[in-house]
Amino acid sequence: MTEIPTFALASNKLKSERTIVNVGDVQIGGDKPVIIAGPCSIENRNQLLTTARAVKVAGADIIRGGAYKPRTSPYDFQGLGVEGLRLLSDARAETGLPIVSEVMDARDVDTAEAHLDMLQVGARNMQNFSLLKRLAECSKPVLLKRGPSATIKEWLLAAEYLLVGGNESVVLCERGIRTFETEMRNTLDLVAVARVLELSHLPIIVDPSHATGRRSLVPSASRAAIAIGSHGLIIEVHPHPEQALSDGPQSLNLREFSSLMESLNLRNMSHVTSSVNDRHEILSTV
């Protein structure tokens with residue numbers, strides 16, 4: 001008898017086909033990796049719209065931008081709140097791309113849901129169970145980031161809160177974990193991506209910006225994430241990273257993002273997971 005994991009609804013033991021999550025007219029979990037790009041924090045209208053126009057031209061599929069910002073220090077920029085959500089709506093209206101942003105408090109979910117195409121749970125809130133239960137009631141998809149010290153099982157159980165509450169449109173995001181290493185902001189756990197693909201039917205993307213904390217490493221980490229089978233990337237982009245109010249050192253400028261997109265060459269590739277599955281099928285017949 002097959003043992004059912006504790007994260008039963010997220011497990012591929014009960015659902016063998018991979019889940020496809022629709023964000024606007026963008027599909028996450030299919031053959032083409034999805035690129036989500038934009039500034040860490042929405043600072044003003046010009047900054048956001050300049051970035052949104054540039055990432056669309058470069059080939060991004062979804063625009064990201066932080067309206068509510070969880071910061072380590074209470075003295076750092078905390079985001080524009082509802083005004084940031086309105087600016088994101090303007091970016092969607094101008095570019096035609098769906099939008100995603102983090103929601104930190106269950107009390108803000110209604111407002112965020114009214115503006116956004118996808119709601120993000122940040123790493124610090126992965127086990128904010130009251131927030132997860134509220135998001136489970138939403139009609140919009142949820143992007144669930146892995147906590148900095150969370151095991152894969154804990155991460156999938158957090159997703160289970162969303163699924164058991166009725167929201168089946170869940171995308172996982174590996175964003176690096178906390179280890180003894182100090183050269184990077186976090187340690188990108190690419191093996192976790194491969195393991196999640198074995199354990200769960202949920203789509204999974206990678207955040208190379210937070211995982212490395214260094215813009216010089218973002219392109220290499222991005223290519224590695226696609227190569228191991230991730231269904232997409234979420235990348236921080238800013239017109240002038242040296243002037244950014246948050247996460248400037250890990251943000252690509254507009255030219256760097258365009259170069260990264262060219263190097264990924266996503267328009268001419270099928271998703272790596274498909275190739276891996278094909279190889280497994282071939283080998284199984286030998």
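The values are calculated or read from the model by the stated rules, or taken from the named source; none is laboratory data. For clarity, every value in this text was computed on a predicted model and none was experimentally measured. Note that each Cβ is placed from the backbone with ideal geometry, even for glycine, and that neighbours are counted across all protein chains shown.
What are the residues in region 50-106 that are among the acidic types (Asp, Glu), in contact with a strand residue (DSSP E or B) (Cβ under 7 Å, 6 or more places away or on another chain) and surrounded by fewer than 21 Cβ atoms within 10 Å (Cβ to Cβ), if any?
none
Checked against (1) surrounded by fewer than 22 Cβ atoms within 10 Å (Cβ to Cβ); (2) charged (D, E, K, R); (3) under 11 Å from the mean Cα position of the chain (by Cα), Arg146 passes all but condition (1). The selection criterion, being farther than 19 Å from Pro5 by Cβ, over 19 Å from the mean Cα position of the chain (by Cα) and touching a residue at least 24 places away in the same chain (Cβ under 8 Å), holds for Gly166. Of all the listed residues (Ser209, Ser220, Ser230), the sole one being surrounded by 22 or more Cβ atoms within 10 Å (Cβ to Cβ) and not in a loop (DSSP other than H, G, I, E, B) is Ser209. Of all residues in region 12-32, those satisfying the criterion of being buried (at least 19 other Cβ atoms within 10 Å of the Cβ) and in contact with an Asp or Glu (Cβ under 9 Å, 6 or more places away or on another chain) are Val21, Val23, Val26, Ile28. Can you find a residue that is of a type outside the set (A, V, I, L, M), over 23 Å from Tyr68 (Cα atoms) and assigned to a helix (DSSP H, G or I) anywhere in region 168-189? No, because not a single residue in region 168-189 is of a type outside the set (A, V, I, L, M), over 23 Å from Tyr68 (Cα atoms) and assigned to a helix (DSSP H, G or I).
Just to confirm my filter: which strands (runs of 3 or more DSSP E) fall fully inside region 1-78 and include at least 1 residues that are of a type in the set (D, E, K, R), within 24 Å of Ser251 (Cβ to Cβ) and modelled with pLDDT of 90 or more?
Numbers: elements: 21-23, 26-28, 34-38, 62-64.
Strands (runs of 3 or more DSSP E) meeting the threshold: 62-64.
Please find, within region 79-100, the residue that is farthest from Leu252 (Cα to Cα) out of those that are hydrophobic (A, V, I, L, M, F, W, C) and touching a Ser or Thr at 6+ places or on another chain (Cβ under 9 Å). Here the answer is Val82. Entry remark, region 174-189: residues being surrounded by 18 or more Cβ atoms within 10 Å (Cβ to Cβ) and either in contact with a helix residue (DSSP H, G or I) (Cβ under 6 Å, 6 or more places away or on another chain) or hydroxyl-bearing (Ser, Thr, Tyr) (or both) number 5 in total.
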